[in-house]
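To start, the structure itself, in structure tokens.
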Amino acid sequence: MKILTANFVQCTVKACGSSPDCFPLHFDQQTPDLPLELAHEDVDFSPEFICNVLPRIEWPALLTTARELGNTQLPPAKPEIENPSAPENEQLLRDLHTLLLETQIIQGSMRCANCGHIYFIRDSIPNFLLPGHLVQ
Amino acid sequence: MKEYLILLAQKHESFRKAELEALAELEHVAVDLSQHDENVPLLYVTLDSEEAARKLIRRSILARSIFEVWGRGNSLDSLHEDVKQRTSHLWPEYKHVSFKFDIISYQGSRTKEEQREIVESFSYVDFEGPIRMKDPDEIFTIVEQYKTPLLPVSGCREVKDICFGRFIARSQRDIIDKYDLKKRKYIGTTSFDAELALISSNIGLAAPGKIVYDPFAGTGSFLVAASHFGAMALGSDIDGRQIRGTARSNITTNYYQYHMESQFLDTFVCDFTHNPIRPSFRVDAIICDPPYGVREGLKVLGSKNPERYADKLPTKLETGDLSHLRPDYIPPKKPYHFDALLDDLLFFAAAHLVDNGRLCCWMPTANEDYGDRQIPTHPDLTLMSNCVQEFNKWSRRLLTYSRLPRDGSTTTLPPTARSTRIYTEQFRDKYFRGFAKTKDNE
Ligand SMILES: C[S@@+](CC[C@H](N)C(=O)[O-])C[C@H]1O[C@@H](n2cnc3c(N)ncnc32)[C@H](O)[C@@H]1O
Ligand SMILES: [Zn+2]
């Protein structure tokens, strides 16, 4: 799962939907059975795509996710990019590209801060199905 | 403004106009397609420029090629007259290029001898360049269409329409073969026909810089098709086995097979009715073939006997472990209705599509009682096209909606406010009973 995806998924328990704590899901507690594993996977750089998704990013949530995964280098506020092809923007776009698209969460767990439910990621694929007792 | 001729595939006729309309919107090409006739493989259009002609067709699956029209008539004589009138000022420009002539006949054919005669009848254009059968600079094409029905009697060859044109560009029709399911490494029983998946992606306006989402991704047929056109693809499915495939054969290996791994965003496992995508997140298109429960009943998360979970406590195994923490845990599921799922899908699309973003959704319909009332509606979505693929005893439709711009005047319905449709029968029941029987019973 890419960091970009972590920025748009929340707890699927219906009762959590109204809580501000259902997003983002947290990587701060991992289980020994499924240790957190990150990897870098090359993805072709598309400034157009990064510019298109940047407005859709929840920046504070991205800061949280990045911090929990060990990256504290992000600017505190969402950068504004008016001209994606301007040379002074290239490095920033490349950094965002690397973070959002090239960083893979191969396995690990994500926790809802509202209900405490844990979602597992295995082979890069998160599982958002709920056990019987969490479905109304 | 110039006249152009588009040659269309004689297949999936009901999708051709919708595809060209979508491509015109995507490429910002102004064109009037109202002359399109599903029974005719030729379509004459008026376009601003040769560049507009190239753009209109460059992604098309159902168009074959486009020509700049030099003349038209209903006989060879009237054609020549028109060519002379329209294009004599152009002839000097082509005097020295390499070229060849082509003849394309619909509902009829010409002998070699006749073909040579026709080509020679154009000698007045006075091209002096070399004739090259391979890679000429220009291909001049005579397209003729005979009156139907086809009469086998020789000599009785009434031409309905004959056109002389300069070849401009070919479509992408030849990539269908590249994505043929027979050549794809990871497929399953639900994999979707490559040609129609590509057409769906065109109608859904999949393009570079965009996110296309399939919430019923299965083996990823629509993901691959959307990515072919440059979109980043996102998929989810309730069935983790489909999404995961095997270590050596899965959706990701398909992306490697097509050298498109950079266009793959992610897949995840979820029940559509418990979707993890946060309410504020927008995607550019949703393209899918929802489950309609023909092979196995449509299921969502939940239990047939909810009392079992009334205490809201996790189930403990004999070992004392919680059952849902085991990697092989299978959550309980309950049956659901296809009509309710379609309503959920429209509601989701209205909430998550960008302004003017598209929902393309396949829907099975029983032939004999198909009517407008079966088309689901939502106040924030306009129906753009309704294309049908006919089978022997049933048909399926590709419904395409566009998200109305959020100018503040429209509101997204709360999930309880359902569209008012009456389903006489579940499609699934009909499928199993066999459509013919319904008629017999009447
Ligand atoms: C008609 S198939 C689509 C298959 C896909 N187009 C492909 O390329 O394989 C419908 C898919 O919906 C999935 N499905 C069924 N119920 C679902 C639900 N409640 N939520 C999400 N997906 C579901 C099925 O597992 C199946 O893969
Ligand atoms: Zn929760």
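Each reported figure results from applying straightforward, stated rules to the coordinates on display, with no laboratory input. Because the structure is predicted, anything quoted here is derived from the model rather than measured. Note: ideal-geometry Cβ built from the backbone for every residue, glycine included; neighbour counts use all protein chains shown.
Observations, loosely collected:
- Exclusive hit being touching a Ser or Thr at 6+ places or on another chain (Cβ under 8 Å) and more than 30 Å from A:Phe45 (Cβ to Cβ), set B:Leu325, B:Leu301, B:Leu342: B:Leu301
- The sole residue among A:Leu74, A:Leu99, A:Leu93 that is in a helix (DSSP H, G or I), away from every other protein chain (no Cβ under 14 Å) and either over 17 Å from A:Lys2 (Cα atoms) or more than 16 Å from ligand 2 (Cβ to nearest atom) (or both) is A:Leu99.
- Contact annotation: residue pairs with Cβ atoms under 6 Å, 6 or more positions apart or on different chains, pairing a residue in the range A:50-74 that is closer than 13 Å to A:Leu100 by Cα with a partner that is surrounded by fewer than 17 Cβ atoms within 10 Å (Cβ to Cβ) and among the charged types (D, E, K, R), are A:Trp59/A:Lys78.
- Of all residues in the range B:260-280, those satisfying the criterion of being facing another protein chain (nearest Cβ under 9 Å) and either touching a helix residue (DSSP H, G or I) at 6+ places or on another chain (Cβ under 6 Å) or part of a strand (DSSP E or B) (or both) are B:Glu261, B:Gln263, B:Phe264, B:Leu265, B:Asp266, B:Thr267, B:Phe268, B:Val269, B:Ile277.
- Looking across the range B:303-342, the residues that are facing chain A (nearest Cβ under 8 Å) and charged (D, E, K, R) come down to B:Arg308, B:Asp311, B:Lys312.
- Restricting the range B:210-229 to residues that are of a type outside the set (A, V, I, L, M) and either in contact with a Cys (Cβ under 9 Å, 6 or more places away or on another chain) or within 9 Å of chain A (Cβ to nearest Cβ) (or both) leaves a set whose member that is nearest to ligand 1 (Cβ to nearest atom) is B:Phe216.
- For A:Ile81, the criteria (1) closer than 28 Å to B:Ala231 by Cβ; (2) more than 9 Å from chain B (Cβ to nearest Cβ); (3) within 16 Å of ligand 2 (Cβ to nearest atom); (4) of a type in the set (A, V, I, L, M, F, W, C) hold in every case but one, which is (3).
- Subset of the range B:312-328 [surrounded by fewer than 14 Cβ atoms within 10 Å (Cβ to Cβ), under 16 Å from A:Gly116 (Cα atoms) and of a type in the set (A, V, I, L, M, F, W, C)]: B:Leu313
- Within the range A:23-46, being under 30 Å from A:Ser85 (Cα atoms) and either facing chain B (nearest Cβ under 9 Å) or part of a loop (DSSP other than H, G, I, E, B) (or both) holds for A:Glu41, A:Asp42, A:Val43, A:Asp44, A:Phe45, A:Ser46.
- Scanning the range B:26-65 for residues that are polar (S, T, N, Q), outside any strand (DSSP E or B) and surrounded by 21 or more Cβ atoms within 10 Å (Cβ to Cβ) gives a single hit, B:Ser60.
- Cβ-Cβ under 9 Å pairs, at least 6 apart or on other chains, the range A:119-131 side facing another protein chain (nearest Cβ under 7 Å), far side of a type in the set (Asp, Glu) and not in a strand (DSSP E or B): A:Phe128/B:Asp271; A:Leu129/B:Asp271; A:Leu130/B:Asp271
- The listed residue being under 18 Å from A:Leu130 (Cβ atoms) and within 16 Å of ligand 2 (Cβ to nearest atom), out of B:Pro314, B:Pro306, B:Pro332: B:Pro314
- Any hit, the range B:348-359, residues being of a type in the set (A, V, I, L, M, F, W, C), crowded, with 19+ Cβ neighbours inside 10 Å and assigned to a strand (DSSP E or B): yes
- Of residues in the range A:6-19 being more than 16 Å from ligand 1 (Cβ to nearest atom) and closer than 10 Å to B:Phe281 by Cβ, the one farthest from the other protein chains (Cβ to nearest Cβ): A:Asn7
- Only residues that are within 16 Å of ligand 2 (Cβ to nearest atom) and over 19 Å from A:Leu63 (Cα atoms) were counted across the range A:9-44, and they come to 8.
- A:Ser46 meets the conditions (1) crowded, with 19+ Cβ neighbours inside 10 Å; (2) farther than 28 Å from A:Ala15 by Cα; (3) within 15 Å of the chain's Cα centre (by Cα) in every case but one. The failed one is (3).
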